[in-house]
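Structure first, commentary second.
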Amino acid sequence: MVHKDMTEKVSIEIRRDLYDKAKKFIEEQGGFSSVEELVEFLLEEVLSSEEAEERGLSKEDEEKVKERLRALGYI
Amino acid sequence: MVSRPHGGRLIDRTVSPKRRERLLEEARELPRINVNESIAADAANIAHGVYSPLEGFMVQEDYINVLDQMRLSNDLPWTIPIILDVDPEDIIGVNEGDDIALYYRGEPLAIMRVEEIYGWNKKEYAMKVFKTTDPNHPGVAKTFKRRELLIGGSIDLLKDPPEPFENIRLWPKETRVLFEARGWKRIAAFQTRNVPHMGHEYVQKAALTFTDGLFINPLVGWKKPGDYRDEVIVKAYKALIEHYYPKEVVVLSVLRMEMRYAGPREAVHHAIVRKNFGATHFIVGRDHAGVGNYYGPYEAWEIFREFPDLGITPLFVREAFYCKKCGQMVNEKICPHPEEFRIRISGTKLRKMIMSGQKPPEYMMRPEVARVILEHSKPFIGEDEA
């Protein structure tokens with residue numbers, strides 16, 4: 001996987017054939033601008049669903065929900 | 001502890017703001033299917049987890065299982081097919097595996113991956129879901145007007161359809177946080193398509209007596225002519241809660257979902273949906289979701305026996321009536337007096353009173369509730385509007 005020169009990012013390695021498949025997928029299906037974006041999206045999906053299990057919410061999302069509930073007068 | 005979502009995981013098929021812009025562009029290049037209000041509401045309900053574990057409109061295997069077994073193909077209870085109907089000319093050139101864009105009111109609503117295109121038999125659907133093919137049944141009549149083919153497949157919701165009641169519309173992820181924030185562990189959900197009368201208040205307060213909180217979740221969206229308008233239902237409930245409920249134990253939030261009038265099957269569907277909102281208990285009324293005389297008065301109770309694995313507890317609260325001798329709302333289990341002392345609150349009688357501008361007596365309806373209904377120039381849906 002191509003390294004991006006940004007301090008908050010790290011590089012990881014994946015198999016070439018998987019990378020090529022991901023690239024082809026993006027070219028054909030759209031929705032992502034790069035393999036990095038696709039991988040980040042998939043990781044976020046897996047990890048956030050792991051964290052949030054049943055409710056499907058990260059801590060950050062939960063705060064956003066609470067903000068809305070407060071704004072609407074529910075809490 | 002609030003209920004676990006149906007199937008164990010709350011589905012989220014909404015897209016992040018980051019992806020939304022790009023997908024909106026992409027949607028404009030895809031084959032386009034225009035959907036009506038009810039389908040748009042179903043798409044939003046799928047995406048926000050109201051219909052968990054569904055991630056899209058049903059493929060044929062689930063559709064057939066739901067019709068025949070009242071279960072999804074993974075054996076989870078599910079009683080009402082969630083389907084997307086199209087005309088053959090809408091999908092010329094569309095193949096299984098393609099993406100299509102669902103449009104609502106001229107705007108892209110969702111991207112759908114077409115997993116399956118299949119035919120359906122509307123009479124069979126009507127017979128199994130509504131237990132009748134009588135076109136006078138409003139659900140049957142609506143089914144017969146639907147399009148000829150069904151498309152199954154997962155969706156990604158690009159944006160919520162417009163919601164006039166946005167300020168009192170909560171999604172399951174929100175009610176779950178809310179119930180936990182209030183410290184509620186036992187939550188009784190109440191489904192309604194009506195304005196509240198004293199019988200409803202009695203049933204709700206009976207349920208609230210042994211739970212921590214009451215979740216009043218009126219349906220807004222398509223209903224049959226003669227039913228109350230959405231805004232009238234909402235205003236009536238706000239008035240009732242303001243004057244007669246401790247606010248800290250009640251949550252009022254609307255759900256945009258069409259009424260099917262499918263009686264017992266719909267009662268189970270209503271329970272599953274409220275389970276996804278986090279409710280632990282669901283109040284099942286006498287002739288719940290019924291219409292006319294198509295269902296027996298307690299059929300909607302009996303069907304729950306078939307679902308010991310539902311994951312939400314049905315509360316079968318008996319019909320309430322006013323007893324002149326008791327001097328209050330009671331039910332037949334707690335009132336020893338004969339029929340001559342009992343005044344039953346008939347929805348039809350209430351409608352007639354309201355239509356003629358007459359204020360219902362206080363044993364039938366709270367005056368504050370009656371006032372907001374009578375203030376409305378057209379509280380009922382007209383024949384030409386549904």
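What is the count of Lys pairs in region B:205-273 whose alpha carbons sit under 18 Å apart, if the two are 8 or more places apart or on different chains?
Lysine pairs, 8 or more places apart or on different chains, close enough: 5.
Could you work out how much longer the chain between B:GLU166 and B:GLN60 gets when fully extended? Use 0.36 nm per residue separation minus the Cα distance between them, nm to one decimal. All intermediate terms of the calculation are to be shown ahead of the outcome.
Values: separation 106, 0.36 × 106 = 38.16 nm, distance 3.37 nm.
So the extension gain works out to 34.8 nm.
5 Å is the cut-off here: which amide hydrogens, built 1.01 Å from N in the peptide plane, fall below it relative to B:LEU84, excluding neighbours closer than 5 in sequence?
Sorted by chain and number, the residues that satisfy this are B:MET58, B:ILE151.
Can you give the average number of partner chain beta-carbon atoms within 10 Å of each beta-carbon in peptide B:168-181, as a whole number?
Per residue, the number of nearby Cβ atoms from other chains is 5 on average.
Ignore the peptide's own chain and count Cβ atoms of other chains within 10 Å of each Cβ in A:34-43; give me the average, rounded.
Counting other chains' Cβ atoms within 10 Å and averaging over A:34-43 gives 1.
List the aspartates and glutamates whose alpha-carbon lies under 17 Å from that of B:LYS122, not counting same-chain residues fewer than 8 positions away?
B:GLU61, B:ASP62, B:ASP68, B:ASP85, B:ASP87, B:ASP134, B:GLU148
Among the aspartates and glutamates, select those whose C-alpha is under 14 Å from the C-alpha of B:LYS324, and discard any that sit fewer than 8 residues away in the same chain.
B:GLU332, B:GLU339, B:GLU340, B:GLU362
Once the piece of chain linking B:GLU242 and B:LEU24 is laid out straight, how much longer is it, given 0.36 nm per residue of separation minus the C-alpha distance between them?
Here the answer is 74.3 nm.
Other chains near A:66-73: what is the mean number of their Cβ atoms within 10 Å of each residue's Cβ?
For this peptide, the per-residue mean of nearby foreign Cβ atoms is 4.
Run the paramagnetic zone check for B:GLU37: 7 angstrom along Cα to Cβ, then residues of region B:149-187 with backbone nitrogen under 12 Å.
Under cut-off, by backbone N: B:162-165.
Between B:GLU332 and A:SER34, how many nm apart are label points set 7 Å from Cα along the C-beta direction?
Placing both labels 7 Å along Cα→Cβ, they lie 7.1 nm apart.
For B:GLN69 and B:LYS325, calculate 0.36 nm times their separation in residues minus their Cα-Cα distance, and state this gained length in nm to one decimal.
My answer for the length gained is 87.5 nm.
Please report, as a whole percent, how much of the solvent-accessible surface of the protein assembly as shown comes from carbon and sulfur atoms (probe radius 1.4 Å).
49 percent
Using 1/(1 + (r/R0)^6) with R0 = 30 angstrom and r between the beta carbons of B:HIS376 and B:ILE343, what's the FRET efficiency to the nearest 0.05? Could you put the intermediate results ahead of the total?
Values: r = 25 Å, r/R0 = 0.85.
Rounded to the nearest 0.05, the efficiency is 0.75.
Given charges of +1 on the Cβ of Lys and Arg and -1 on the Cβ of Asp and Glu, with all other atoms neutral, how large is the dipole of region B:202-321 about its Cα centre, in debye to the nearest 20?
My answer is approximately 220 debye.
Please state the relative contact order of region B:17-157 as a whole percent: Cα pairs under 8 Å, 6+ residues apart?
Values: 236 pairs, mean separation 43.2, N = 141.
Rounded, it is 31 percent for region B:17-157.
Simple spin-label model, 7 Å along Cα-to-Cβ: A:ARG68 to A:PHE41 in nm?
2.1 nm
Take the Cα gyration tensor of chain B, multiply each eigenvalue by 5, square-root it, and list the three semi-axes largest first, rounded to whole angstrom.
Equivalent ellipsoid semi-axes, largest first: 36, 22, 21 Å.
For region B:166-374, report the translational diffusion coefficient in µm²/s to the nearest whole number, using Stokes-Einstein at 37 °C, 0.692 mPa s, and a Kirkwood Rh over Cα pairs.
Answer, rounded: 186 µm²/s.
Give the B-A buried accessible area in Å², both sides summed, 1.4 Å probe, nearest 100.
2000 Å²
Measuring with a 1.4 Å probe in the full set of protein chains, what accessible area per residue, in whole Å², belongs to the protein assembly as shown? Write down the numbers at each step before the final one.
On the way: 21410 Å² over 461 residues.
Spelled out: the 1.4 Å probe surface of the protein assembly as shown, per residue, equals 46 Å².
In what sequence, highest mean first, do B:341-352, B:2-13 appear when ranked by Cβ atoms within 10 angstrom?
Working: B:341-352: 14.3, B:2-13: 21.2.
Descending packing order for the listed peptides: B:2-13, B:341-352.
Taking Cα pairs under 8 Å and at least six residues apart, what relative contact order does chain B come out at, in percent?
18 percent
How much of the pair distance distribution for region B:292-386 lies past 16 Å, counting alpha-carbon pairs only, in percent?
That tail contains 70 percent of the Cα-Cα pairs.
In square nanometres, what is the average projected area of the Cα convex hull of the protein assembly as shown?
About 24.1 nm², averaged over all directions.
Show B:LEU310, B:LEU24 ordered by accessible area, largest first, where the area counts protein heavy atoms only and the probe is 1.4 Å.
B:LEU24, B:LEU310
Given a cut-off of 26 Å, what percent of all Cα-Cα pairs of region B:17-157 lie beyond it?
Values: 2211 of 9870 pairs.
Distances greater than 26 Å cover 22 percent of the Cα pairs.
Quickly estimate the mean residue ellipticity at 222 nm for the protein assembly as shown, helices only: each DSSP H run with n ≥ 4 gives -39500 (n - 2.57), and the total goes over all residues, rounded to 500.
When only DSSP H runs of four or more count, the value is -11000 deg cm²/dmol.
Straight-line reach from A:LYS64: which aspartates and glutamates have Cα under 12 Å away, leaving out those fewer than 8 places along the same chain?
List returned: B:GLU174.
If I build a Gaussian network model for chain B, linking alpha-carbon pairs within less than 10 angstrom, which residue out of B:GLY93, B:GLY119, B:GLY56 has the largest mean-square fluctuation?
B:GLY93
Quick one: what are the phi-derived ³J(HN,Hα) couplings along region A:63-70, Karplus 6.51/-1.76/1.60 with θ = phi - 60°, whole Hz, x for glycine and proline?
Coupling constants for region A:63-70: 5, 4, 4, 4, 4, 5, 4, 5 Hz.
The values are calculated or read from the model by the stated rules, or taken from the named source; none is laboratory data. Since we're looking at a predicted model, the values are computed, not measured. Because the Cβ atoms are built from the backbone with ideal geometry, glycine has one as well, and the counts that use them run over all protein chains shown. Remember, those area values only see protein heavy atoms, side chains included, never the ligands or the DNA or RNA. Shrake-Rupley method; radii C 1.70, N 1.55, O 1.52, S 1.80 Å.
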